[in-house]
Structure formats: C-alpha cells, structure tokens
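Notes to accompany the following structure.
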Amino acid sequence: MCQACDSFLDRLFAKGVLHETGVDGLYGRGQAFEAVIEGMDRLITRTAANDHAEVIRFPPGMNRALFEKSGYMKNFPQLAGTVHSFAGSERDHLALLDNIHNGGDWTGGQGATDIVLTPAACYPLYPIVARRGPLAPEGGLFDIQSYCFRHEPSKDPARMQMFRMREFVRIGLPEQAASFRESWLERARDFAETLQLPHHIDVANDPFFGRAGRMMASSQREQALKFELLVPIESTENPTACQSFNYHQDHFGELWGITTASGETAHTACVGFGMERLALALFKHHGIDTNGWPNSVRAALSL
Ligand code: ATP
Ligand code: ZN
Ligand code: MG
C-alpha cells in the first residue's frame, strides 16, 4: 500500500498514536497523543486561571434517574449508551455461557443498572448545583471534565464513541451567561492561533432526533444558541467541530430548579473542548511526529 493511500487514521495507528480495538470510534491512546492532551489541558487551565472556576471531574457514567430527567432520550436517543449488568441465577448464568459459546445473543438477560454513560460533561453538573439551593449573587462557574459516550461509530478518527470533553459552565443571570460565552468565543480564536490551527467559528445545531427534532435544530440555529470552532481534519468542505459554545437560556435552570440569588430561574451556558478532536487537529496540521511541530506550539503545550 502506498503512503499517500493510507488514511489519516491508518497513519495514526501505524505510528502508535492511536491503537485499534476492532470497534470504530473506540481507540487506545499512545504516549504522544496523551502528552498532547495533557499539554492542552494545562493550556486551557492557564487560560482560565483568573476565573477561579470550581473544579469537578466526573467518571464516564452518570446517575440513570437524573439522565432520564435530563430529557436526553427525548432529544438524542440515537446517541445514548446505557450500562447493563448480569443479575440472574446460576441457571441463567449457564444459559448465558451457552449463548456466548454458541455465538448466540447473551445480552438479552442483562438488566439495566443505575448508571448510564455520560453523553456530555455538563449533564451530571446541573443536579449537583440545584441541590445546593439558590446561587450566590455572582452565580456559579465550573471547570469540569468527563469521558463521554456517543453511539456514532465512524471511520473518521475525529468522530469517536468515547472521548474526553473539558467544559466550563456558567450558571446565573442571562447577561452573566451571555458575557461568559462571548469571552470564550474570543479566547477560542487566541487558542487556535496559539496552536497554529486553521479555523473559523460558525453557528451550529445539535442533532435532535426525528421530525420534531428538525424544528428544534432550526430554531436553535435561528436564535444562534450554539457556535462551533471548526477546524478541517478529515475534510476541508466539512470541517470538524473542536469546541462548542452553547447558550441554553433557562432550559436547564427550569428543568433542575436552579435559581439565582434573587429567585429567578437561572440561565446556563457551556463551552466544550473536544480534547481528542483538538489533539487530532494538531496531528493533522503539524504532522504525526510531535518532534517536528512548530517550536511555539510545542512550547504552548510544554512538549
Ligand atoms: P458534531 O456536530 O461534530 O457531532 P457536536 O455538536 O455533537 O459535534 P457537542 O455536543 O457540542 O458536539 O460536544 C462538545 C464537543 O465535544 C464538540 O465540540 C467536539 O469537539 C467534541 N465531540 C463531540 N462529539 C464527538 C465525537 N463523536 N468524538 C470526539 N469528539 C466529539
Ligand atoms: Zn455542556
Ligand atoms: Mg454530535
């Protein structure tokens, strides 16, 4: 096979940047890849250092009951992943092993647990904030991170099924949420320039399910509730969203009963960094070998 015929993903595998698992969108990460992710994490932390956000890190699963209340299954049932487990008898166990042995479906007897896979880093945050009672007058600001799951298998290395999302979430008055999002749109341009990534910012929508979903998507666009920082990775015509900037208005405030100091329903906004996508954008534009990356990029990532 000629070098030029290899896809970007093939080259990442060949150099051990990512490791194949046999499932599209599910990869092991090599040392160079993780060094880039860690460098970016530090760069993001430095960028936000003066904001004094409260740091919370989540495991890749969240409380199923809270997930149900979040409305995720109404909007994005096609992407959700649930955690099931065996809870049967010895006889059930034997039947299960038989099924595995014979190549049958052994998963039918698995029962839902209290955990589902986290679809976006901010989903487990809102109920935690709601439980604390009304916000302080300055509102809340959170620095969160989670492995996320989305069932969207693809050969595009930038569309993974399990990936890390670092987010900053602002909760408070409408103007606090709006100015937070504005300032991060500004910072995103600096961030992409520091990393020497070709980029542009554009309005976007979420992939709401079904016919009603198409209307929600177009209304989200019309109101400019979602922006993305786009970087060409697999294609120039369809650049990849590496960061998103979302204003939820009072949707989550209302849903979870989060109130401001003066008793109004809180507004929320979040900024999400797709850590794997940003790393892949760097490998795409600066080369598979990080030793050859521009000095200023290496310095920014402390490589
Ligand atoms: P896309 O339109 O490409 O599906 P998205 O709108 O679903 O992206 P968000 O829901 O805004 O993305 O998620 C926040 C960030 O998480 C995105 O900007 C992106 O960088 C990252 N992300 C989303 N889906 C994936 C994925 N399948 N693999 C890797 N990173 C992802
Ligand atoms: Zn979010
Ligand atoms: Mg998506």
> Among the GluC sites (Glu not before Pro) within segment 172-268, which fall in a DSSP loop and have no more than 11 other Cβ atoms within 10 Å of their own Cβ?
Replying inline: 237
>> Where in the chain is the longest stretch that carries no trypsin sites (Lys or Arg not before Pro) classed as loop by DSSP and with at most 15 other Cβ atoms within 10 Å?
In response: 156-303
>> Which residue, 215, 255, 149, has the largest displacement toward the positive end of the dipole of the chain when charges sit on each Cβ (Lys, Arg +1; Asp, Glu -1)?
In response: 255
>> Give me a comma-separated list of calculated 3J(HN,Hα) values for segment 293-303, in order, Karplus coefficients 6.51, -1.76, 1.60 applied at θ = phi - 60°, integers in Hz, x for any Gly or Pro.
In response: 6, x, 4, 5, 5, 4, 5, 4, 9, 6, 8
> Taking amide hydrogens as modeled 1.01 Å from N in the peptide plane, which residues meet the under 5 Å criterion relative to residue 82, leaving out close sequence neighbours?
Replying inline: 117
>> Along the charge dipole of the chain, pointing to its positive end and built from +1/-1 on Cβ of Lys, Arg, Asp and Glu, which listed residue (303, 45, 117) has its Cα farthest out?
In response: 45
> So how far, in whole Å, is the C-alpha centre of segment 189-204 from the one of segment 71-128?
Replying inline: 38
> Relative contact order of the chain: what whole-number percent is it, with Cα pairs under 8 angstrom and at least 6 residues apart?
Replying inline: 21
> When the solvent-accessible surface of protein heavy atoms is calculated with a 1.4 angstrom probe, in what order do 216, 165, 73 fall, highest first?
Replying inline: 73, 216, 165
> Could you give me the ³J(HN,Hα) list for segment 52-58, computed from phi with Karplus coefficients 6.51, -1.76, 1.60 and θ = phi - 60°, whole Hz, x at Gly and Pro?
Replying inline: 6, 6, 7, 8, 9, 10, 10
> What accessible area, in Å² to the nearest ten, does a 1.4 Å probe give for residue 209?
Replying inline: 120
> Taking a label point 7 Å from the Cα of residue 162 along the Cα→Cβ vector, which residues of segment 96-125 have an amide N closer than 12 Å to it?
Replying inline: 117-118
>> Ratio of alpha-carbon Rg to the 2.2 N^0.38 Å globular estimate for the chain, to two decimals, please.
In response: 1.08
> So what's the back-of-envelope 222 nm ellipticity for the chain, counting only DSSP H runs of four-plus at -39500 (n - 2.57) apiece and dividing by all residues, rounded to 500?
Replying inline: -11000 deg cm²/dmol
>> Using DSSP to call loops (not H, G, I, E or B), can you name the GluC sites (Glu not before Pro) in segment 1-80 whose Cβ has at most 13 other Cβ atoms within 10 angstrom?
In response: 20
> Carbon and sulfur atoms: what percent of the 1.4 Å accessible area of segment 67-221 do they account for?
Replying inline: 55
> Can you list the residues, at least 5 places off or on another chain, whose amide H is less than 5 Å from the amide H of residue 18, using H built in the peptide plane?
Replying inline: 13, 30
> Where the only charges are on Cβ atoms (+1 Lys, Arg; -1 Asp, Glu), what is the dipole of the chain about its Cα centre, to the nearest 20 debye?
Replying inline: 100
>> Compute a Gaussian network model of the chain, connecting alpha carbons closer than 10 Å, and tell me which residue from 199, 101, 286 fluctuates the most.
In response: 101
>> Could you report the chain's accessible area per residue, 1.4 Å probe, as an integer in Å²?
In response: 50
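The values are calculated or read from the model by the stated rules, or taken from the named source; none is laboratory data. Predicted model only: the values in this text are computed from it and were never measured. Cβ atoms come from the backbone with ideal geometry, glycine included; neighbour counts cover every protein chain shown. Remember, those area values only see protein heavy atoms, side chains included, never the ligands or the DNA or RNA. Shrake-Rupley method; radii C 1.70, N 1.55, O 1.52, S 1.80 Å.
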